[in-house]
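The values are calculated or read from the model by the stated rules, or taken from the named source; none is laboratory data. Every value quoted in this text rests on a predicted model; they were computed, and no experiment measured them. Cβ sites come from the backbone with ideal geometry, for glycine too, and all protein chains shown count toward neighbours.
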């Protein structure tokens with residue numbers, strides 16, 4: 001199944017190749033101004049709307065600059081809510097925590113996730129006219145319903161795939177990214193476009209699948225306050241239970257609106273390649289994002 005997925009050329013991958021080829025000769029943009037030889041580059045004022053730190057589930061090589069902060073609230077199925085808080089420690093490193101649960105919105109019996117999770121990212125290479133930005137990081141936060149060891153909220157379609165002798169689960173319905181490496185490159189032609197690709201290794205192994213996975217994504221500014229995002233995960237680390245959507249991987253798309261220069265609203269649709277009878281727990285997401293500064 002893994003080899004079939006790698007051979008598969010999903011529509012999203014075709015779009016990425018087309019877009020990247022079309023804008024090869026377009027004017028590039030990044031968050032650093034050119035400087036004279038021997039001088040450090042000068043950091044411009046960040047625009048996290050045009051250079052997002054995250055797409056939907058996937059990270060980019062962009063990070064929060066020193067003193068900047070990002071908070072977000074992610075609302076999803078079954079009254080789920082997930083909050084994020086991230087802070088730029090320096091111009092190359094950011095750190096954050098996240099926590100959430102089910103039935104937080106309109107529910108009487110809140111089921112909190114088992115623990116808070118941390119995420120950290122370090123920007124190894126800055127983007128320039130030739131090289132893309134490159135970041136290393138870790139993110140322990142998965143998405144969707146947390147499938148507990150007592151099989152609480154585990155869908156029947158998943159339970160049927162479990163080994164009767166080993167029915168314990170301890171993972172999110174969408175695995176956490178874990179350790180990852182991601183590269184990002186920005187272009188400006190008719191629209192500002194960012195291309196992203198990376199590899200990750202999740203530490204959620206309760207299903208017996210310890211493979212790494214690769215992912216890619218893109219973000220596009222339609223106007224100064226409207227944007228689109230799309231991402232594709234080959235999901236080679238989710239074959240044992242989910243079957244990685246029968247070898248199709250996971251395709252997510254989203255729409256974002258800058259209400260102000262610091263407050264954004266996002267609406268995302270996940271897993272467009274899944275069969276109707278095999279939809280995951282998370283289908284539609286509403287997310288509020290705020291960028292500020294602690295300086």
Hits in the stretch 67-87 (condition: more than 21 Å from residue 250 (Cβ to Cβ) and in contact (Cβ under 8 Å) with a residue 60 or more places away in the chain):
67, 68, 69, 70, 71, 73, 87
Any residue that is touching a helix residue (DSSP H, G or I) at 6+ places or on another chain (Cβ under 8 Å), crowded, with 19+ Cβ neighbours inside 10 Å, modelled with pLDDT of 80 or more and assigned to a strand (DSSP E or B) - is there at least one of those in the stretch 130-138?
no
In the stretch 88-112, which residues are in contact (Cβ under 8 Å) with a residue 24 or more places away in the chain and more than 22 Å from residue 283 (Cα to Cα)?
88, 90, 91, 92, 93, 94, 95, 96
